[in-house]
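The values are calculated or read from the model by the stated rules, or taken from the named source; none is laboratory data. Note that the structure is a prediction, hence the values are computed from the model and not measured. Here the Cβ positions follow ideal geometry from the backbone for every residue, glycine too, while neighbour counts run over all protein chains shown.
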Amino acid sequence: MSLIGGILATIAAEVGAPIVRDILTKRIGPKGGELAEAVIKTVAGKAGVQPEELETVSEPDLREAVLATEAETPELIALWSAGVEGQFALLKAEMKEGFWQSAWRWGWMYLLGVYWTFYLLIFPIVETLTGVLIQRVDITILMTLTTWFISLYMGGHTIKSLGESAINAVKSWKAAP
């Protein structure tokens, strides 16, 4: 994409599209590569081709596509900026929680990864090589632990509300005549 970016940056300078030129020459910081890729895709869309096919587009059509993209760059920058701000907000929120409040996530991921690796890979290899059968934990336990982790990590509040609903359902069931 750097060759295409260079060609488009040159055309942007020629047709008077300074924002597109600055984005493609990465004058806006180290994370600008993502934005430059979005600009290249937008130019390709305006030219009616895939980004890999931009080299086949005639220069007048490329000029039109770059000028049309220049008109849309404020929106592209705003969207890109919102994404970067969201990443920083998430990072700040996780840092505010402290180490131990967020350590359970990666701790459980690695623990489950080790358990599954041993269960599915290491134990069968050892059993095959030595002929000694290793007594394993029932797979339903590993499935249950994995499901609990996924539920808590990906939707703890949903599981909590489902639990409360189940408790209320049992209470109303017992209270019914």
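Criterion applied to L91, L76, L112 was being surrounded by 14 or more Cβ atoms within 10 Å (Cβ to Cβ) and either in the same structural domain as G16 (by TED's automatic domain parsing) or outside any helix (DSSP H, G or I) (or both), and the one residue passing it is L76. Summed over the range 84-125, the residues that are of a type outside the set (F, W, Y), in contact with a helix residue (DSSP H, G or I) (Cβ under 9 Å, 6 or more places away or on another chain) and either under 24 Å from W148 (Cα atoms) or free of Cβ contacts under 8 Å to residues at least 40 places away in the same chain (or both) give a count of 8.
Of the set (1) at pLDDT 80 or above; (2) of a type in the set (S, T, Y); (3) over 20 Å from the mean Cα position of the chain (by Cα), all apply to Y110 but (3). Within the range 48-69, residues that are under 17 Å from I23 (Cα atoms) have Cβ atoms under 8 Å from residues that are of a type in the set (D, E) in these pairs: R63/E14, counting only partners at least 6 apart in sequence or on another chain.
Taking the range 46-60, which residues are surrounded by 15 or more Cβ atoms within 10 Å (Cβ to Cβ) and part of a helix (DSSP H, G or I)? Break it down stepwise before answering.
Pass one, the range 46-60, residues surrounded by 15 or more Cβ atoms within 10 Å (Cβ to Cβ): 46-47, 49, 51, 54, 57.
Result: K46, A47, P51, L54.
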